[in-house]
Amino acid sequence: MANLFEVDRAACVKCGACVRDCAFRALKMDGGAPRMAFPERCMKCQHCLAVCPAGAVVFDGKSPRDSVKLANLPLPGLDAVENWMRTRRSVRRFAAADVERGTLMRILAALGNSPTGCNARSLTFTCMPSRKAMDRFRRDFISAIERHRDGAKLLPRWLAVPAIRLRKGEDDMFFRGASGMLVVSSDESAPGVTTPREDVTIACAHFEMLANAAGIATCWCGFLKLVQQEVPELLEETLGLGRSAPFYAMLFGLPAVRYARGVQRDSYARVDIRDEA
Ligand SMILES: Cc1cc2nc3c(=O)[nH]c(=O)nc-3n(C[C@H](O)[C@H](O)[C@H](O)COP(=O)(O)O)c2cc1C
């Protein structure tokens, strides 16, 4: 097993940047060089590897040579991100064609960088990547609903009525005709997991951003959360999600609608700046 923290002593410039950037003070300067003093505090965030100006830190066997370099890396500026934020839309009309698989896989790989509390990284991305897979899920979902109805279990109207309409092919209030769906879940029993609900929501928000940047439209699928609250068996059967499993779902696909302008909100968030008096 690789050492958690190794320093190339010849390359180290002894600046202490790694020690200063360690969130839980696991590192210490010792005889002018950094060392891992409290490994039990380390959350493996790799800030020490990332911040070292000399590329002298090898973390858990990972060489700094294999990291993405930030110098000259093109990143979106404030204008680009602000424009996206002001015009992003929840899309509810999707084209027939599937999202290109390579692009989707690239997005999911990038999404693995979404932050998690205490760097617990316990997320699972379950993805219906194509219309075929999504339609299969729709069928499974309707069958599960029908089994429950046949079992004389009372289903709430908001679930029963759209299910009938979906089965008849009239409309798809649940999944909005999307060609794909991403379900982000967290294993809250995994070691070190402190913020499972926040972790999944943050990953979904980042998915929306990444997908939109690739021309893929998205819509939050809050409906599945209601299902988990009211008839959790349906999600156990169709997605293998436990009764209280932290999860959120995003619908996606190529858009069948183009928006020409942004909306004008009556109320934005209340901004409360607490300057000194
Ligand atoms: C947590 C959350 C859950 C949502 N659930 C659904 C949903 O189940 N179905 C749907 O069509 N839209 C859903 N939406 C989309 C909202 O209705 C939408 O964000 C809102 O109307 C504003 O529109 P915009 O996203 O285009 O700005 C959800 C949005 C959020 C943030």
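The values are calculated or read from the model by the stated rules, or taken from the named source; none is laboratory data. Computed from a predicted structure; not experimentally measured. Every residue, glycine among them, receives a Cβ derived from its backbone with ideal geometry; neighbour counts consider all protein chains shown.
Can you find, within the range 21-55, the residue that is farthest from residue 120 (Cα to Cα) among those that are touching a Pro at 6+ places or on another chain (Cβ under 8 Å) and outside any strand (DSSP E or B)?
55
Just need a number here: residues in the range 181-221 that are among the aliphatic types (A, V, I, L, M) and more than 21 Å from residue 245 (Cα to Cα).
7
Show the residue pairs that are 6+ apart or on different chains and have beta-carbon atoms under 6 Å apart, the first residue being within the range 58-69 and loosely packed, with under 14 Cβ neighbours inside 10 Å, the second being at pLDDT below 95.
Within 6 Å, the pairs are 61/2.
Grab the helices (runs of 4 or more DSSP H) fully contained in the range 150-240, keeping just those with 3 or more residues being within 15 Å of the ligand (Cβ to nearest atom) and in contact (Cβ under 8 Å) with a residue 24 or more places away in the chain. Full working, then the answer.
On the way: elements: 157-167, 196-213, 223-230, 232-239.
Correct list: 157-167, 196-213, 223-230.
Restricting attention to the range 241-260, which residues are within 15 Å of the ligand (Cβ to nearest atom), free of Cβ contacts under 8 Å to residues at least 40 places away in the same chain and either in the same structural domain as residue 187 (by TED's automatic domain parsing) or of a type in the set (D, E, K, R) (or both)?
Narrowing the range 241-260 to residues within 15 Å of the ligand (Cβ to nearest atom): 246-253, 255-260.
Those left that are additionally free of Cβ contacts under 8 Å to residues at least 40 places away in the same chain: 258, 260.
Within the range 241-260, just 258 meets the criteria.
Select from the range 1-37 the residues that are within 14 Å of residue 54 (Cα to Cα) and of a type in the set (Asp, Glu) and list them in ascending order.
6, 8
Surrounded by 12 or more Cβ atoms within 10 Å (Cβ to Cβ) and in contact with a Leu (Cβ under 7 Å, 6 or more places away or on another chain): does that describe residue 110?
Details: surrounded by 12 or more Cβ atoms within 10 Å (Cβ to Cβ): yes; in contact with a Leu (Cβ under 7 Å, 6 or more places away or on another chain): yes.
Taking the combined requirement at face value, the residue satisfies it.
Picking from 29, 43, 85, 36, which residue would you name as being in the same structural domain as residue 193 (by TED's automatic domain parsing) and among the hydrophobic types (A, V, I, L, M, F, W, C)? It would help to see each step written out before you state the result.
Numbers: 29 fails: in the same structural domain as residue 193 (by TED's automatic domain parsing); 43 fails: in the same structural domain as residue 193 (by TED's automatic domain parsing); 36 fails: in the same structural domain as residue 193 (by TED's automatic domain parsing).
One residue alone meets the criteria, 85.
Kindly indicate which of 257, 263, 227 is more than 25 Å from residue 112 (Cα to Cα), out of contact with any Pro (no Cβ under 8 Å at 6 or more places or on another chain), β-branched (Val, Ile, Thr) and surrounded by 12 or more Cβ atoms within 10 Å (Cβ to Cβ).
Details: 257 fails: surrounded by 12 or more Cβ atoms within 10 Å (Cβ to Cβ); 263 fails: surrounded by 12 or more Cβ atoms within 10 Å (Cβ to Cβ).
None of the other options fit; the residue is 227.
Go through the range 48-66 and give me each residue that's over 16 Å from residue 3 (Cα atoms) and in contact with a helix residue (DSSP H, G or I) (Cβ under 7 Å, 6 or more places away or on another chain).
Here is the first cut: in the range 48-66, the residues over 16 Å from residue 3 (Cα atoms) are 50-55, 65-66.
Once the filter is applied, which keeps residues that are over 16 Å from residue 3 (Cα atoms) and in contact with a helix residue (DSSP H, G or I) (Cβ under 7 Å, 6 or more places away or on another chain), the range 48-66 yields 51, 52, 53, 55.
Out of the residues in the range 141-169 that are charged (D, E, K, R) and surrounded by fewer than 13 Cβ atoms within 10 Å (Cβ to Cβ), which is farthest from residue 221 (Cα to Cα)? Spell out how you get there, then give the answer.
Keep residues of the range 141-169 that are charged (D, E, K, R), which gives 146-147, 149-150, 153, 157, 165, 167-168.
From the residues that got through so far, the ones that are surrounded by fewer than 13 Cβ atoms within 10 Å (Cβ to Cβ) too are 150, 153, 157, 168.
Working: 150: 26, 153: 24, 157: 18, 168: 21 Å.
Among those that are charged (D, E, K, R) and surrounded by fewer than 13 Cβ atoms within 10 Å (Cβ to Cβ), it is 150.
Give the number of residues within the range 80-107 that are without any contact (Cβ under 8 Å) to a residue 24 or more places away in the chain, under 17 Å from residue 134 (Cβ atoms) and loosely packed, with under 12 Cβ neighbours inside 10 Å.
0
Being away from the ligand (no atom under 16 Å from the Cβ), part of a loop (DSSP other than H, G, I, E, B) and not charged (D, E, K, R) is the requirement here; does residue 68 meet it? Walk me through it before giving the result.
Numbers: away from the ligand (no atom under 16 Å from the Cβ): yes; part of a loop (DSSP other than H, G, I, E, B): yes; not charged (D, E, K, R): yes.
Taking the combined requirement at face value, the residue satisfies it.
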